[in-house]
Each structure stands twice: as structure tokens, then as C-alpha cells.
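Undergrad: Here it is, the structure, as C-alpha cells.
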Amino acid sequence: MNLKNRKKGTVQVHTEALNDIMFFLMLFFLLASAVVNPQVVKLLLPRSSSGQQANNQKSITVSIDENLNYFVDKQPVTLEAMEGKIQSYIQQDTDLTIVLYVSRGVSIENTMKVFDVANKLKLKVVLAVEQKK
């Protein structure tokens, strides 16, 4: 009888391919998160339980941060220059909607100033809110 120890095979798990897949997934999600809405200034929005997703392709984003800085499509503007900036967008497309992003600490008086500009230009305004969790 042959009673020698037989060499047992070793079990190996090759994870090099998994590293590549994880890298590409991470890269995809980073790019996708930047493309979601690049025209929005990062703000803490008010919450609403009845908030709905608006998908209007012909829209201008107007943002007001907590320091009362106004932005039109991520470009800082003064309140006085906002009407002219939005007017330049109207010349390109007449059927526009303003999507208004307002930080939580901003008073309603400052929010209504943007509504006044929209009323002068006869544009619709949609107030963006964050969905309650």
C-alpha cells in the first residue's frame, strides 16, 4: 500500500476583477450624481409631505441661500439684475418655468421678491421642496 501524504490543493479566490468592477461602479455613481441637476446651488430646502417631482425641461433655476445671495442657474446675480438675466432666457424660449430653490432660513418676503420678478415677466414659478422622510 502506498501510504504517502498526498499534496492537497490550495483554494484561492481571485478578487482582482472585483476591484475593477467596484471602481467602475463608484465612478459611474459619482458621475451620475453630478449630472442629476448641475444647475442647482446646494441648499437645505423646506420639507413637505405632499411634494411632487417636477419634470419640466424648459426651466430656469433660481436659488436663494441663507445669506440672501441670489443665483440664476448657479450664476450669482443681484436682485436688481435678476430680471434682465431671466429676460435673456425668455428671448431663447418663451415657454419657461422658474424653479425656485430657497434655503430654510430665508424669510417669505425675500422669496416673494422672486415671485414679483416672475409676475412682471409673466412666468410660472414652482417652489422646490424636499420630501419629508
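The values are calculated or read from the model by the stated rules, or taken from the named source; none is laboratory data. Source: prediction; values computed, not measured. Don't worry about glycine lacking a Cβ; one is built from the backbone with ideal geometry, like all the others, and counts go over all protein chains shown.
Undergrad: Considering only residues that are of a type in the set (A, V, I, L, M) and loosely packed, with under 13 Cβ neighbours inside 10 Å, which ones fall in the range 75-96? Reasoning before the result, please.
TA: Taking the range 75-96 and keeping what is of a type in the set (A, V, I, L, M), we get 77, 79, 81-82, 86, 90, 96.
Passing the criteria: only Ala81.
Undergrad: Another question, if that's okay. If the Cβ limit is 6 Å and pairs must be 6+ apart or interchain, which residue in the range 1-20 that is among the small types (Gly, Ala, Ser) pairs with which residue that is part of a loop (DSSP other than H, G, I, E, B) and at pLDDT 75 or above?
TA: So the pair list comes out empty.
Let's see how each residue does on (1) loosely packed, with under 13 Cβ neighbours inside 10 Å; (2) among the small types (Gly, Ala, Ser); (3) modelled with pLDDT under 85:
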position	(1), (2), (3)
Ser49	yes, yes, yes
Ser63	no, yes, no
Asp73	no, no, no
Val117	no, no, no
Glu130	no, no, yes
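Undergrad: Contact list please: Cβ distance under 8 Å, first residue in the range 105-130 and over 21 Å from Asn67 (Cα atoms) and free of Cβ contacts under 8 Å to residues at least 12 places away in the same chain, second residue of a type in the set (D, E, K, R) and surrounded by fewer than 15 Cβ atoms within 10 Å (Cβ to Cβ), pairs at least six apart or on different chains.
TA: The qualifying pairs do not exist here.
Undergrad: If I filter the range 1-47 down to residues being modelled with pLDDT of 65 or more and of a type in the set (Lys, Arg), which single residue comes out as nearest to Ser59 (Cα to Cα)?
TA: So, considering only residues that are modelled with pLDDT of 65 or more and of a type in the set (Lys, Arg), the one nearest to Ser59 (Cα to Cα) is Lys8.
Undergrad: Here's a follow-up. If a residue must be in a loop (DSSP other than H, G, I, E, B), closer than 15 Å to Val126 by Cβ and aliphatic (A, V, I, L, M), how many such residues does the range 54-101 contain?
TA: Residues in the range 54-101 being in a loop (DSSP other than H, G, I, E, B), closer than 15 Å to Val126 by Cβ and aliphatic (A, V, I, L, M): 2 in total.
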